[in-house]
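Data first, discussion second: the structure below is written as structure tokens.
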Amino acid sequence: MEGGAMRGMFTAGVVDVMMEHRVEFEGAIGVSAGAVFGCNYKARQPGRVIRYNCAYCNKPTYAGFRSLVLSGDIFGEQFCYHDVPDKLDPFDYEEFRTNPMEFYVVTTDVNTGEPLYRRVDSCDKKGLLWMKASASLPLVSKIVCVDGYEMLDGGIGDSVPVKYMEDLGYDRNVVILTRPEGYVKQKSRMMPFARIVLRKYPKMIEAMDNRHMRYNDNIRYILEREASGELFVIRPPKAIAVDSVERSRTRLLNAYYMGRETMEAQLQKLMDFLG
């Protein structure tokens, strides 16, 4: 499950249709938004992602400039990782723990610029930190420290970790992208700012500077595997019109229903691919 901040509403729509049709996998991996939204797949909670995002997208403590100034994170840690899952829209921690699906997240080590992959079996304090690290966008998030690592957004290191899952032995892989076919990533225009903010982490700056090349190489690999029938790819039919911090419930719902409609149209083909 690729990241992309609120483009992850597309992924939520796709995954909800899968859950409703009892399509389950032995393993799943999420990057950034694909991790913090995708964990609801293992918790078997369809509808939860779009529900709490629509409910709280206008709340200053959820996301935005105020949260960034007050906490150092554009997505507020207390509200996003404690208030919502513990009280406001409870996350099923027990279902996540007991579901045999192996769930992995990707982060980026700011000291090496390399991706880190972690299997998360429980959404305890440590597990939540790994997921938070995966979704901590550079320049607008604090570095997350856990298990001796300093980490930020997994999308910098490995945006679509197909090869990692193949290396683990998974041989019938389904990829959910949040960019339409033909998308080519360009070098980030924020690099001058990144060189200042992350000056203590030269390897991370290098990884961000080269991210577009790794991403485009990865997409070429995915296209090759898709063409040979060895990979099933679900992608939006057009660009998803949402901002990273989206205040419009209508735009969130449009992205979500684009995901649902895309998956419903491809459901039989997915079933045939999975056998």
Problem - Helical contribution to [θ] at 222 nm, DSSP H n ≥ 4, -39,500 (n - 2.57), averaged over the chain, rounded to 500 - result: -12500 deg cm²/dmol
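For the chain, what's the relative contact order in percent, using C-alpha pairs closer than 8 Å and at least 6 residues apart? Intermediate values should be presented prior to the final figure.
Working: 506 pairs, mean separation 71.6, N = 275.
Relative contact order of the chain: 26 percent.
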Exercise for the section: Using a 10 Å Cβ count of at most 15 others and DSSP loop calls, identify the longest part of the chain lacking such GluC sites (Glu not before Pro). Expected result: 27-180
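Roughly how compact is the range 97-212, stated as its Cα Rg over 2.2 N^0.38 Å to two decimals?
Details: Rg = 15.0 Å, N = 116, 2.2 N^0.38 = 13.4 Å.
Ratio of Cα Rg to 2.2 N^0.38 Å: 1.12.
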Exercise for the section: Provide the solvent-accessible area of Cys80, counting protein heavy atoms only and rolling a 1.4 Å probe, rounded to the nearest 10 Å². Expected result: 30 Å²
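Using only alpha-carbon positions, what ratio does the radius of gyration of the range 169-275 give when scaled by 2.2 N^0.38 Å?
On the way: Rg = 17.3 Å, N = 107, 2.2 N^0.38 = 13.0 Å.
Here the answer is 1.34, to two decimals.
Can you pull out the trypsin sites (Lys or Arg not before Pro) in the range 1-106 that DSSP calls coil and that have at most 16 other Cβ atoms within 10 Å? Don't skip to the answer; put the middle values down first.
Values: sites: Arg7, Arg22, Lys42, Arg44, Arg48, Arg51, Arg66, Lys87, Arg97; in loops: Arg22, Arg44.
In loop regions of the range 1-106 (DSSP not H, G, I, E or B), the sparsely surrounded trypsin sites (Lys or Arg not before Pro) are Arg22, Arg44.
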Problem - Spin-label model distance (nm) - Lys142 vs Tyr164, 7 Å beyond Cα toward Cβ - result: 2.4 nm
Completion exercise
Comparing Asp171, Asp209, Asp158 in a Gaussian network model of the chain (Cα, 10 Å), the one with the largest mean-square fluctuation is Asp171
Exercise for the section: Working from the alpha-carbon coordinates of the chain, get Rg over Rh, Rh being the Kirkwood radius. Expected result: 0.93
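Please compute the net charge surrounding Val15, taking Lys and Arg as +1 and Asp and Glu as -1 over other residues with Cβ under 13 Å from its Cβ. Mind dumping the intermediate values first?
Details: positive: Arg22, Lys42, Arg44, Arg48, Arg260; negative: Glu2, Asp16, Glu20, Glu24, Glu264.
Around Val15, the charge tally is 0.
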Fill in the blank from the handout: Of the candidates Phe193, Ile74, Pro161, the farthest towards the positive dipole end of the chain (Lys/Arg Cβ +1, Asp/Glu Cβ -1, centred on the Cα centre) is Phe193
Practice task
Using packing as a proxy for protection, rank 190-196, 9-15, 114-120 so that the peptide with the highest average count of other Cβ atoms within 10 Å comes first.
Solution key: 9-15, 114-120, 190-196
Handout entry: Cα-based Lys proximity count in the chain, under 18 Å, for pairs eight or more positions apart or on separate chains
Key = 12
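Summarise the accessible area of the range 1-108 (1.4 Å probe, protein heavy atoms) by the percent that is carbon and sulfur. Before the final figure, lay out each step's value.
On the way: 2170 of 4060 Å².
C and S atoms contribute 53 percent here.
Counting only protein heavy atoms, what percent of the accessible surface of the range 190-275 is carbon or sulfur at a 1.4 Å probe? Can you show the working numbers first?
On the way: 2700 of 5020 Å².
Answer for the range 190-275 is 54 percent, counting heavy atoms of protein chains only.
The values are calculated or read from the model by the stated rules, or taken from the named source; none is laboratory data. Keep in mind it's a predicted model, so treat the numbers as computed, not measured. Note that we place each Cβ from the backbone using ideal geometry, even for glycine, and neighbour counts take in every protein chain shown. Calculation scope for accessible area: heavy atoms of the full protein, side chains included, ligands and nucleic acids excluded. Shrake-Rupley method; radii C 1.70, N 1.55, O 1.52, S 1.80 Å.
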